[in-house]
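Step one of this worksheet: look at the structure below.
The values are calculated or read from the model by the stated rules, or taken from the named source; none is laboratory data. Not measured: the values here are computed from a predicted model. A quick note on method: Cβ atoms are made from the backbone with ideal geometry, for glycine too, and the neighbour counts reach across all protein chains shown. Side chains included, ligands, DNA and RNA excluded: accessible areas come from the protein's heavy atoms. Shrake-Rupley method; radii C 1.70, N 1.55, O 1.52, S 1.80 Å.
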Amino acid sequence: MNLWTLAVADLRRYRLSNSLHLLLMALGVALITALLLLASQIAGRFARDAAGVDLVVGAKGSPLQLILSTVYHLDIPTGNIPLDEARRWAANPMVASATPISLGDNARGYRIVGTTPAMLERYGARFASGRIWQAPMEAVVGADVARDGFRQDARFAGSHGLTAGGHVHADHPYRVVGVLAPTHTVLDRLILTSLDSVWAIHADHDDHDDDAPDDGYHADQEITALLLRYRSPIAAISLPRMINMQSKLQAASPAFETARLMQLLGLGFTTLKALAGVLLLTAALSIFIALYTALEPRRYELAVLRSLGLSRGRLVVLLWLQALVLSGAGTLLGVLLGHFAIALLGALSPQASGIRLSGTIAVAPELGLLALPLLVGTLAAALPAWRAYRSDPATTLADG
Amino acid sequence: MLSLQAIRHRYDDRTAARVEVLDLAAGEPALLLGPSGSGKTTLLHIAAGLLRPSEGLVRIGGQSLTALDDIALDRFRGRHVGIVFQRLHLIGSLTVLQNLLAAQYGAGLPVDIGHGRATLAALGIEAQADVLPARLSQGQAQRAAVARATVNRPQLIVADEPTASLDDRNADAVLNLLQAHARACEAALLIATHDARAKACIKRQITLEASA
Ligand SMILES: Nc1ncnc2c1ncn2[C@@H]1O[C@H](COP(=O)(O)OP(=O)(O)OP(=O)(O)O)[C@@H](O)[C@H]1O
Ligand SMILES: [Mg+2]
């Protein structure tokens, strides 16, 4: 028998209404938790997808579109650029490494990306089976793609466009020669092949010249974009400006564009955070009302506790403890609900959508939520506790 | 055991209770009589240390209550005074036994379940130990209230109108119970009442005059 027993026994007595107050608290916390998880997982995913890319050189157009299409594989590209010109920039002394990519086809919605092995190194990808492409029409598939039916040694045809349903290049089937281990990046959802494969298919459409040598290329050959890595941070100052001024190409920085995008998204997050704040305030108010209205029917019991020897201070602690139990349990339930909601979202979101959500990852700001019950509980208990402190047991007990 | 001297209590300049001298020995029962509004409840609360009088001295077992600060007074009351309320006021969220343990806890005594059960057994309600008060019959609830008031073996037991709403048989039973347990604890027993049935069985009577 102690204050804790007294507090819990009383809460249990009105368990239905107390559960409702607790649930209200849980909903506010769940919303905040879900937002924190979403924000951190989206940001984390964006950062991982753009790993090792300081600058993207592509066709003129929206810089955000260029980044989304070539780094995150979400949008359609702004156009193509001549290979010679791309090579010129790749050879620039300020550039440490360059990865060309060529988009245009898909297989059942998975983008086929013509590129070089540098693309795999960029993500530190390892092979689950097989090897890298060595000849045209050999493909390496990401982990998610492989799981969706593109097994080792499977054959498949690409179709035109970046979404399923375009013209099928049935006469040029690919063969899966390698499957990558999961990287938890966009790479898991891509089909990679040599630039030659992409050129071969499209050249074939024009002049049936599909015997292009491995390292030779035609003057009119094009790629979609070049992903650059700077040799030193100084390059960030001059290289983008040089490219934008001296060529018909466009240079865009993933870091800058995603920051812009997050800012746009952030506006939505702020609104949702305000909503969660209102929910929490409602929860605090609800716990306050619970404690305050309970004071009236409980006033005899509180006076009796005084008569049994409890000091005013201990009544204050008793009420505070009850508010903490309600808000603490509400917070705990809310955090669990938030994780569950994200896990559910991750499980239900279609395979094609970019971000794989996980409910089992906790983020640091959630620790801040631990302070929440203290704040909400103290806020809710303040006035009831003050009234209990002030009330005189003799007066209460005299009329009953 | 209980000693009141020159007690006055005023609410807004109106004297609500006054008594010159009242001494009760250990185990001695007494009735506090007087018409409605004469200050019986007020005096009972003063004797129990629930209320500090405007003037006068209260001693329980030699301890002057005036000398205690608020927290010490709370603790002293929990430890040495047992109170039986007219409407009993058992704590509804606790079982009968837990009500007794709450009294031990409030007094700052070690919580002793064995002693709690023994106290219930002495009152013949050990079978109801783990039952919530709402489940008790009127007679059982009264026994539980007496058990809670006596579990710490207090020096003073006070009871305010313990028989007011009871039939003759129950009124008799409660009065006997209170006297028996006060004697067993060697506690002074002070009962405020205007019930004629009480007057018949307790000889020591203090009558308050209606205040002006
Ligand atoms: N908290 C209070 N504030 C102001 N006056 C009070 C308070 N408590 C009691 N009184 C007054 O003090 C006087 C004595 O009250 P008390 O309750 O002690 O009488 P009582 O003898 O117990 O009456 P009853 O037999 O009706 O219970 C009454 O006039 C009452 O109105
Ligand atoms: Mg009275």
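Averaged across A:309-319, how many Cβ atoms of other chains sit within 10 Å of each residue's Cβ atom? Before the final figure, lay out each step's value.
Working: counts 19, 8, 8, 3, 3, 4, 0, 0, 0, 0, 0.
That average works out to 4.
Only sites in a loop by DSSP and with at most 10 other Cβ atoms within 10 Å count here; which trypsin sites (Lys or Arg not before Pro) in segment A:91-126 make the cut?
On the way: sites: A:Arg108, A:Arg111, A:Arg122, A:Arg126; in loops: A:Arg108, A:Arg126.
Passing sites in segment A:91-126 are A:Arg126.
Divide by every residue of chain A the summed helix terms, -39500 (n - 2.57) for each DSSP H run of at least 4, and state the resulting mean residue ellipticity at 222 nm, rounded to the nearest 500 deg cm²/dmol. List each step's numbers first, then the result.
Working: 13 runs with 220 residues, N = 400.
Calculated at 222 nm, the ellipticity per residue is -18500 deg cm²/dmol.
Can you figure out the FRET efficiency of A:Ala154 with A:Ala274, using R₀ = 51 Å and their beta-carbon distance, to the nearest 0.05?
0.55
Assigning unit charges at the beta carbon (Lys, Arg +1; Asp, Glu -1) and nothing else, what dipole magnitude in debye, to the nearest 20, does segment A:22-140 show about its Cα centre? Kindly include the intermediate steps, with their values, before the conclusion.
Working: 10 positive and 8 negative charges, 37 e Å.
The calculated dipole for segment A:22-140 is roughly 180 debye.
Would you work out if segment A:49-176 is rounded, prolate or oblate? Take a ≥ b ≥ c from the square roots of the eigenvalues of the alpha-carbon gyration tensor; rounded if a/c is under 1.5, else prolate when a/b is larger than b/c, oblate otherwise. Intermediate results must be reported in sequence, preceding the final value.
On the way: a/c = 1.81, a/b = 1.39, b/c = 1.30.
Judged from the Cα gyration tensor, segment A:49-176 comes out prolate (a/c at least 1.5, a/b above b/c).
Please quote Rg/Rh for the protein assembly as shown to two decimal places, taking the Kirkwood radius as Rh and restricting both calculations to Cα atoms. Don't skip to the answer; put the middle values down first.
Details: Rg = 41.3 Å, Rh = 30.9 Å.
Expressed as Rg/Rh, it is 1.34.
Please give the helix A:195-207 orientation as an angle from the longest Cα principal axis of chain A, in degrees from 0 to 90, rounded to the nearest 10.
50
First select every other residue whose beta carbon is under 13 angstrom from the beta carbon of A:Ile67; then total the charges, Lys and Arg +1, Asp and Glu -1. Write down the numbers at each step before the final one.
On the way: positive: A:Arg260; negative: A:Asp49, A:Asp54, A:Asp75, A:Glu257.
Net charge in that neighbourhood comes out at -3.
Putting +1 on Lys and Arg Cβ atoms and -1 on Asp and Glu Cβ atoms, find which of B:Gly92, A:Leu227, B:His45 reaches farthest to the positive end of the dipole of the protein assembly as shown.
B:His45
Among all the lysines, which ones have a C-alpha under 22 Å from B:Lys40's C-alpha, if same-chain residues fewer than 8 places away are not counted?
Output for B:Lys40: B:Lys199, B:Lys203.
For segment A:224-311, run through the trypsin sites (Lys or Arg not before Pro) and keep only the ones in DSSP coil with at most 13 other Cβ atoms within 10 Å of their Cβ. Could the numbers behind the result be given before it?
Working: sites: A:Arg229, A:Arg231, A:Arg241, A:Lys248, A:Arg260, A:Lys273, A:Arg298, A:Arg299, A:Arg306; in loops: A:Arg231, A:Lys248.
In loop regions of segment A:224-311 (DSSP not H, G, I, E or B), the sparsely surrounded trypsin sites (Lys or Arg not before Pro) are A:Lys248.
Per residue of B:86-95, how many C-beta atoms from partner chains lie within 10 Å of its own C-beta, taken as a mean? All intermediate terms of the calculation are to be shown ahead of the outcome.
Details: counts 2, 3, 2, 9, 2, 11, 7, 12, 7, 1.
Shielding by partners across B:86-95 averages 6.
Could you tell me how many degrees, from 0 to 90 and to the nearest 10, lie between the Cα long axis of helix A:312-348 and the main elongation axis, the longest principal axis, of the Cα atoms of chain A?
20
Just name one of A:Ala347, A:Pro136, B:Ala26: the one whose Cα is farthest towards the positive end of the charge dipole of the protein assembly as shown (beta-carbon charges, Lys/Arg +1, Asp/Glu -1).
Of the listed residues, the answer is B:Ala26.
Normalised by the number of residues in segment A:55-252, what is the relative contact order in percent for Cα pairs under 8 Å and 6+ residues apart? Display every interim value, and only then the final one.
Values: 425 pairs, mean separation 67.0, N = 198.
Reported as a whole number, the value is 34 percent.
Provide the convex hull volume over Cα atoms per residue for segment B:14-115, in Å³. Before the final figure, lay out the partial values.
Values: hull volume 14.7 nm³, N = 102.
Measuring per residue, one finds 144 Å³ for the Cα hull of segment B:14-115.
Using only atoms on other chains, find how many Cβ atoms lie within 10 Å of each Cβ of peptide A:389-398 and report the average. Numbers along the way, then the final one.
Values: counts 0, 0, 0, 3, 5, 10, 4, 2, 12, 7.
For peptide A:389-398, the averaged partner shielding equals 4.
Compute the accessible area per residue over segment A:18-145, keeping the other protein chains in place, probe 1.4 Å, unit Å². Show your work: numbers first, answer last.
On the way: 4520 Å² over 128 residues.
Normalised by residue count, the accessible surface of segment A:18-145 is 35 Å².
So what is the diffusion coefficient of segment B:98-203 in µm² per second by Stokes-Einstein at 25 °C and 0.890 mPa s, using a Kirkwood Rh over Cα pairs?
Estimated via Stokes-Einstein, D reaches 172 µm²/s.
Return the long-range amide H neighbours of B:Gly34 (sequence gap of 5 or more, or a different chain), with a cut-off of under 5 Å between placed amide H atoms.
Here B:Leu208 satisfy the definition.
Choose one answer from B:His45, B:His89, B:His80: the residue with the largest mean-square fluctuation in a GNM of chain B with alpha-carbon springs under 10 Å.
B:His89
Could you run the Karplus curve 6.51 cos²θ - 1.76 cosθ + 1.60 with θ = phi - 60° over segment A:43-54 and give me ³J(HN,Hα) per residue in whole Hz, x for Gly and Pro?
After applying 6.51 cos²θ - 1.76 cosθ + 1.60, I find 4, x, 5, 4, 5, 5, 5, 8, 4, x, 10, 9 Hz.
Could you give the distance between the Cα centres of segment B:169-212 and segment B:79-156, to the whole Å?
Each part's Cα centre sits 20 Å from the other's.
How big is the B/A interface in buried accessible area, both sides summed, 1.4 Å probe, to the nearest 100 Å²?
Details: alone 10060 and 19610 Å², together 27360 Å².
Using a 1.4 Å probe, the pair buries roughly 2300 Å².
Let me check I've understood the local charge: for B:Leu136, count other residues with C-beta under 15 angstrom from its C-beta, Lys and Arg +1, Asp and Glu -1. What total comes out? Provide the component values of the computation, followed by the final result.
Values: positive: B:Arg87, B:Arg135, B:Arg143, B:Arg148; negative: B:Glu126, B:Asp130.
Result for the neighbourhood of B:Leu136: +2.
What percent do you get for the relative contact order of chain A when only Cα pairs under 8 Å and 6+ apart count? Spell out each step's value before the answer.
Numbers: 682 pairs, mean separation 107.5, N = 400.
Here the relative contact order equals 27 percent.
Would you list, by chain and number, the lysines whose Cα falls below 19 Å from the Cα of A:Lys60, excluding same-chain residues fewer than 8 positions away?
A:Lys248
Hey, in the GNM for chain A with a 10 angstrom Cα cutoff, which one of A:Val317, A:Val145, A:Val57 fluctuates hardest?
For chain A, modelled as a Gaussian network with Cα springs under 10 Å, the answer is A:Val317.
So which chymotrypsin sites (Phe, Trp or Tyr not before Pro) in segment A:7-103 are both in a DSSP loop and have at most 11 other Cβ atoms within 10 Å of their Cβ? List each step's numbers first, then the result.
Numbers: sites: A:Tyr14, A:Phe46, A:Tyr72, A:Trp89; in loops: A:Tyr14, A:Tyr72.
Nothing satisfies the criteria.
To the nearest 20 Debye, how big is the dipole of segment A:55-252 about its Cα centre, given +1 on the beta carbon of each Lys and Arg and -1 on that of each Asp and Glu?
Details: 17 positive and 22 negative charges, 226 e Å.
Charge dipole, segment A:55-252, about its Cα centre: 1080 debye, nearest 20.
For chain B, take the longest principal axis of its alpha carbons; what is the angle in degrees between that and the long axis of helix B:168-185, to the nearest 10 within 0 to 90?
90
I want the local charge near B:Ala192. Using Cβ-Cβ distances under 11 Å, sum +1 for each Lys or Arg and -1 for each Asp or Glu among the other residues.
Working: positive: B:Lys40; negative: B:Asp160, B:Glu161, B:Asp195.
The answer is -2.
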